Structures are given as structure tokens and as C-alpha cells.
1. Between Leu72 and Thr111, what is 0.36 nm times their sequence separation minus the Cα-Cα distance? Round to one decimal in nm.
2. For the range 39-84 and the range 102-128, compute the distance between their C-alpha centroids and round to whole Å.
3. From the square roots a ≥ b ≥ c of the eigenvalues of the alpha-carbon gyration tensor of the range 69-128, which class results: rounded (a/c under 1.5), prolate (a/b over b/c), or oblate?
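A short reminder: the numbers here are calculations on the coordinates, not readings from a lab. Remember, predicted model here, so these are calculated numbers, not experimental data.
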Amino acid sequence: MKRKLKAFVLPLILAFTIMSCNKDDQEPNPTHAPDSGYINGYYIVNEGPFMTGSGTIDFVTRTGKKYQNIYLTSNDGQVLGNLVQSVAIIGTQTYIVVNYANKIEVVDTKTFRKTGTIENLPSPRYII
């Protein structure tokens with residue numbers, strides 16, 4: 001009796017497992033800014049690997065739509081640099097502190113297009 005039960009239960013479990021697996025209905029990363037710009041939501045600061053590579057910034061709208069690496073996509077493929085430490089919005093500008101690169105990138109908050117760079121700072125961490 002146990003063998004018959006195992007012969008029935010195991011294929012049943014396998015069938016349920018296969019049927020429960022499906023692809024998520026996620027759309028690919030949008031390559032354009034949200035209609036309201038990068039204002040109504042929050043930023044995710046990805047520091048990046050120490051001494052190599054580049055940090056990134058993602059944006060999530062209040063409705064949950066995620067935009068990855070918004071600095072790169074808004075600035076024709078330009079990277080931020082190593083160790084993105086923090087982000088602060090002051091007025092209409094967003095300041096991105098890039099620690100190991102010794103700079104602060106300044107972008108327009110709505111479009112995230114670069115408007116300037118503050119350079120030659122010894123290992124900046126935060127801006128107020």
C-alpha cells in the first residue's frame with residue numbers, strides 16, 4: 001500500500017511544482033524618465049564595488065515602478081564613479097556624493113541630467 005501511495009503522491013507533487021512555476025509579468029527597465037520626472041518616489045543608492053566599477057542610483061515611483069541606473073540612462077551612458085556615498089536634494093538640484101572619486105555630481109532633479117561637478121574633494125561622504 002505504501003508503494004502505491006508513493007507512486008501516486010510523488011508525481012502529483014511534481015505536477016503541482018511544475019504548474020506553479022511561471023515567469024513574472026515584469027516589464028523591462030524603462031529607458032525614459034517617468035512623466036513627473038524623478039521627483040515623486042525614492043532613490044536607491046548602490047555604492048558599487050570598492051576600488052573597481054561604479055556606483056549606481058535607482059528610482060522607484062510611488063506606484064512601485066522601478067527605474068534602474070537612472071544617472072547612466074539620463075546622461076548618455078556616463079557612469080558616476082566609485083563609491084556613491086549619498087544623495088541629497090537641495091532646491092531643484094540633486095547632489096550625488098561619490099566618495100572614492102573625490103567629487104559631487106550635480107543633476108537636475110526632474111530629468112537627472114548632469115548640470116555640473118564639484119571636484120577635488122578629499123573623500124566626501126555627505127552633503128547638507
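1. Gain on extension, Leu72 to Thr111, equals 12.9 nm.
2. Centre-to-centre (Cα) distance: 13 Å.
3. oblate
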